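The values are calculated or read from the model by the stated rules, or taken from the named source; none is laboratory data. Computed from a prediction, not measured in an experiment: that's the story for all the values here. Glycine gets a Cβ as well: all are built from the backbone with ideal geometry, and neighbour counts include every protein chain shown.
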Amino acid sequence: MSEVDERLKKDIGVVGRRSRGEDDRHVTENRVLSEDDRLEMFRMNLHNSALPDLPEIPGYHVCWLTTTNSRDSIHHRMQLGYEPVRPDDVPGLEYATLKTGEWSGFVATNEMLAFKLPLSLYRKFMQEAHHDAPSREDEKLTSTADFLRQQAQSTGSTLIEGDGLQNLRQSNSAKGIFA
């Protein structure tokens, strides 16, 4: 037999052959993780995201915006006052700068672009989205309930309001925290 055939013959029938894992076992056996180490790894997995955390920029709210949502486009956000984040705005994120395309020179990860919005405008947007608009909806609901109560009274019936509607009437005057 040739030398190659002898080598193949030896490898095929060998029962006691050791795996690379066994050869490296002394390395892996020394890597014992404590429960606290494993808990910390678990915590990091819970909070780890595909996007790096954007550092604060004084006077601005920073966020990631997607280039793939046609209903909430980047150009629309720019009309609202959002500005793209440049690498000199956030030292340390130069590695996340697009090199080519429409958004070259801006901080990005995959289809997500980093943007900033002046804090004064951000607070106004949050006031509108999270207090003023919901308050207007609350007013519509209470007005409709008032109308229905008046209709019921005109026909000799009564309308019983639940706790939820009473809570809407009471909380309607509270001012949002973004003002």
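Tabulated data
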| item | result |
| --- | --- |
| Candidates 150, 127, 170, 166 - the one that is at pLDDT 90 or above, in a helix (DSSP H, G or I) and either exposed (fewer than 13 other Cβ atoms within 10 Å of the Cβ) or touching a Lys or Arg at 6+ places or on another chain (Cβ under 6 Å) (or both) | 150 |
| Residue 111 under 14 Å from residue 64 (Cα atoms), surrounded by fewer than 14 Cβ atoms within 10 Å (Cβ to Cβ) and free of Cβ contacts under 8 Å to residues at least 60 places away in the same chain | yes |
| Residues located in the range 63-92, provided they are among the aromatic types (Phe, Trp, Tyr) and assigned to a loop (DSSP other than H, G, I, E, B) | 82 |
